[in-house]
1. Enumerate by residue number the trypsin sites (Lys or Arg not before Pro) in the stretch 58-92 meeting two conditions: DSSP loop (anything except H, G, I, E, B), and at most 14 other Cβ atoms within 10 Å of the site's Cβ.
2. Please list, ordered by chain and number, the residues whose modelled amide H lies under 5 Å from the amide H of His176; skip anything fewer than 5 residues away on the same chain.
3. Going down the list Lys83/Lys161; Lys66/Lys161; Lys83/Lys194; Lys111/Lys159; Lys42/Lys66, which pairs span over 18 Å between their C-alpha atoms?
4. Any chance you could list the semi-axes, whole Å, largest first, of the equivalent ellipsoid that the Cα gyration tensor gives for the stretch 146-198, using √(5λ)?
5. What ranking, highest mean first, results for peptides 182-191, 97-106 when packing means the other Cβ atoms within 10 Å averaged over each residue?
6. Using the Karplus equation 6.51 cos²θ - 1.76 cosθ + 1.60 (θ = phi - 60°), what ³J(HN,Hα) coupling, rounded to whole Hz, does each residue of the stretch 51-56 give in order, writing x for Gly and Pro?
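Since every read-out is calculated from the coordinates, none of them should be taken as a lab result. The structure displayed is predicted, hence computed values, not measured ones. So basically every Cβ, Gly included, is an ideal-geometry build from the backbone, and we count neighbours across all protein chains shown.
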Amino acid sequence: MVNPVRNYENYTSLSKSSPLKNKLHDILGNKKSKSNISNGVKVYLGIGSNLGDRCGHIQKAITYLKKVKNVKITKCSSLYETKPVGYKKQPWFINCALELETSLPPEELLKNLTRIEKALGRKREVKWRPRLIDLDILFYGQRIIKNEDLNIPHPEIAKRKFVLIPLDEINPRIYHPQLKKTVSQILNGLRNNKQEVVKFSCLRG
């Protein structure tokens, strides 16, 4: 574990040549690809893991996601190690955020994310408890959706620095259609929040 960095302003970027960054770039492929998805919607996902090989689970989830038809990953944040919220007696999480372009409706995207979680061994039992992998839809374009299966934008976004910091890294201008604020503005409102979020490098050896 790296030494905690208390202030978001003091975070340092991972080296461009670090094994982790290279692995994620290999998984994502060429971000400058000109291929487009017809009628695509910009979607933001949160990914987290706090059991076993946390970095490995996240990398595998991204690999699986790349294989989903009509989904294109366009951006991936750095990884952040975060102190648990809710049930605190559990290992720290590693979290990141992804930007996608997809023509899948939100319900179909959720089904694919659930399949990926199951493929990696996720069992949904008790809320807030340790998990191998967690894939959440944070934003689906500017749509507001609330039903038995989906609640978009994710209802906890405005309270969670471990969600906002990776999102702010990849696109600080993401607009929250309910709060009428950008991700950057929401994050600025949490400067005094003491949630511990530390930029993380999965270096071995």
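1. Lys67, Lys69, Lys88, Lys89
2. Distant-sequence amide H within range of His176: Lys181, Thr182, Val183.
3. Violating the 18 Å limit, Cα to Cα: Lys66/Lys161; Lys111/Lys159.
4. Three semi-axes, in Å: 19, 13, 10.
5. Those peptides, ordered most packed to least, come out 97-106, 182-191.
6. Using θ = phi - 60°, the values come out as 10, x, 7, 4, 4, x Hz.
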